[in-house]
Amino acid sequence: MDWRLMRRMAISAAIVVALTGGDVIVARAQNGGVLRFGTYGGTMLEGQKIYLGEPFEALTGAKIQWTAATEEVFANKLIAAGKSPAYDVVLLDDPWYSLVRVRGLASKLDPAKVPNLNKVQKLFRLPEDMGSCLFSFSSGIVYNKNKFAELGLPPPTRWQDLASPKLSGHVGTQTLAATPVKYFLAAYAIQLGDTPTKWDRAIDEVAKIKFQSFSAGIADLMAKIEAGDVWAAPIVGSRAYALIEKGLPVEYVLPENGNGTKGGISCTPIVVPKGSTNAALGEKMLNFALSPDAQLMQATAISAYGPVISTLDPILEKAPKIADRIPWGKVVTNGFRLSWDSEADLDRFSEYVEAWNRKVQK
């Protein structure tokens, strides 16, 4: 869909809802102030400027200052700043979100001020409502179906299928900073009888795989898949579908985790940091972002990122071109959500990164 058309749709939908007394509760103000928004870069930033930024600015009179960085950078800056954060709302994937939360740096949301919080599915409600999930995404395996056929390999059904000797030297992955790699290790841990976030033995097992490469960024991994150097890899669903849309001979599967679930289901939290200079405006942004209109636009604008509210299910049932690419319904209920609620696990995460770099990425 053309971005200009999507921009008009987003603004029109938001204004219509606001004027007709719908779910979006955002008061128009002559001087809405400045909202400092920390988000990820690339297509994520460009999409959010259109389906969140423009209509929100139009409705509130506010001005959004965008900062693009990674979740790790945001978390480190929040921890260093303490109660004087540089953002009013910020995106934080786990485990960095949980690290910020346990350090008391995330504000507890008030459902009276963020009423759309009550629409969020139970699976995506964060502990004590210290922020909210903004969107969901899946982690699975992308594989070259032509190469698998040549090798006589069936489509992968488990994460452990990446350890096949026939794939030796052609399995790609990102570093441990990437979400799919965490689910890869979690599945190994489950198979070994460990808790999903206890990775000592899992790292030792994964270290036996002869990887083709370790990509610092997703663009590098996708380029190697496109070139035919990588035949299979853990990946986020949105990236796999981007490769499929290019006409490449690849498929995407949600593998078994070993605990009755398939694939990883994650959410990206959006947080109002404690000490925000414009927390009230941050709460309005969260409420707007959780409205059905913004959630549907999000699923359309950023392919393969799903809603965290269930009220869109009747629409998605009748929109297969969207629904087939995003996690919702049974994909969510049958998926595995990796929890980082244990402070002990959070404390050990840096140790696991070091072990991964030393044993796997050697």
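No lab work stands behind these numbers, since they all come straight from the coordinates. Bear in mind the structure is a predicted one, so any value in this text is a computation, not a measurement. Neighbour counts are summed over all protein chains in view; Cβ atoms, including those assigned to glycine, are modelled from backbone coordinates with ideal geometry.
At what distance in angstrom do the alpha carbon centres of region 52-72 and region 99-144 lie from each other?
19 Å
Return one quarter of the surface area of the convex hull spanned by the alpha-carbon atoms of region 137-251, equal to its mean projected area, in nm². If you can, show how the numbers build up before the last one.
Numbers: hull surface 26.5 nm².
That works out to 6.6 nm².
So if each residue of separation counts as 0.36 nm, and I subtract the Cα-Cα distance between residue 57 and residue 324, what length gain in nm does that give? Please report the intermediate quantities before stating the final value.
Details: separation 267, 0.36 × 267 = 96.12 nm, distance 3.16 nm.
Gain on extension, residue 57 to residue 324, equals 93.0 nm.
After finding the eigenvalues of the alpha carbon gyration tensor for region 221-282, what semi-axes result from the square roots of 5 times each, listed largest first in whole Å? Working shown, then result.
Values: eigenvalues 237, 67, 19 Å².
Semi-axes from the Cα gyration tensor: 34, 18, 10 Å.
Which one of 48, 131, 86 has its Cα pushed farthest toward the positive end of the charge dipole of the chain, where Lys and Arg give +1 and Asp and Glu give -1 at the Cβ?
Working it through, the farthest residue towards the positive pole turns out to be 48.
Out of 289, 216, 149, any idea which swings most in a Gaussian network model of the chain, alpha carbons joined below 10 Å?
149
Over the Cα atoms of region 261-362, Rg to Rh with Kirkwood Rh, two decimal places? Spell out each step's value before the answer.
On the way: Rg = 17.8 Å, Rh = 16.5 Å.
Over the Cα atoms of region 261-362, Rg/Rh equals 1.08.
Take the cross-link list 63/83; 147/330; 147/198; 63/113; 182/208 and give me the ones stretching past 27 Å between alpha-carbons. Intermediate values should be presented prior to the final figure.
On the way: 63/83 23 Å; 147/330 30 Å; 147/198 33 Å; 63/113 20 Å; 182/208 17 Å.
Over 27 Å Cα-Cα: 147/330; 147/198.
Set Lys and Arg Cβ to +1 and Asp and Glu Cβ to -1, take the dipole of the chain about its Cα centre, and tell me which of 270, 120, 282 lies farthest positive.
Ranked along the dipole, the leading option is 282.
Using a 10 Å cut-off on Cβ atoms, rank the peptides 139-147, 180-188 from the highest mean neighbour count down.
180-188, 139-147
Could you tell me how many cubic angstrom of Cα convex hull volume region 188-297 has per residue?
Working: hull volume 20.2 nm³, N = 110.
So the per-residue hull volume is 184 Å³.
Using the crude model of +1 on Lys and Arg Cβ and -1 on Asp and Glu Cβ, and no other charge, please compute the dipole size for region 150-250 relative to its Cα centre, in debye to 20.
Working: 10 positive and 10 negative charges, 19 e Å.
It comes to approximately 100 debye.
Going by C-beta contacts inside 10 Å, put 133, 267 in order with the fewest on the left. Don't skip to the answer; put the middle values down first.
On the way: 133 21, 267 26.
Lowest to highest Cβ neighbour count: 133, 267.
Compute a Gaussian network model of the chain, connecting alpha carbons closer than 10 Å, and tell me which residue from 50, 265, 315 fluctuates the most.
315
Taking the chain as a Gaussian network, where each spring joins two C-alpha atoms under 10 Å apart, which residue of 107, 276, 350 fluctuates the most?
Among 107, 276, 350, the largest GNM mean-square fluctuation belongs to 350.
So how strong a dipole does the chain carry about its Cα centre when Lys and Arg Cβ are +1 and Asp and Glu Cβ are -1, to the nearest 20 debye? Intermediate results must be reported in sequence, preceding the final value.
Values: 40 positive and 36 negative charges, 52 e Å.
Roughly 240 debye for the chain.
Restricting to Cα atoms and excluding each atom paired with itself, what does the Kirkwood estimate give for the chain in Å? Please report the intermediate quantities before stating the final value.
Details: mean 1/r = 0.0474 Å⁻¹.
Over the chain, the inverse of the mean reciprocal pair distance is 21.1 Å.
Looking at 244, 75, 209, which one has the Cα that reaches farthest to the positive end of the dipole of the chain (charges on Cβ: Lys, Arg +1; Asp, Glu -1)?
244
Quick check on the exposure proxy: order 102, 353 from fewest to most C-beta atoms within 10 angstrom.
Details: 102 18, 353 15.
If I rank by nearby Cβ atoms, fewest first, I get 353, 102.
Quick one: which residues, 5 or more positions from residue 274 or on another chain, have an amide H under 5 Å from its amide H? H modelled 1.01 Å from N in the peptide plane, none for Pro or chain starts.
Here the answer is 106, 107, since their amide H atoms fall under 5 Å of that of residue 274.
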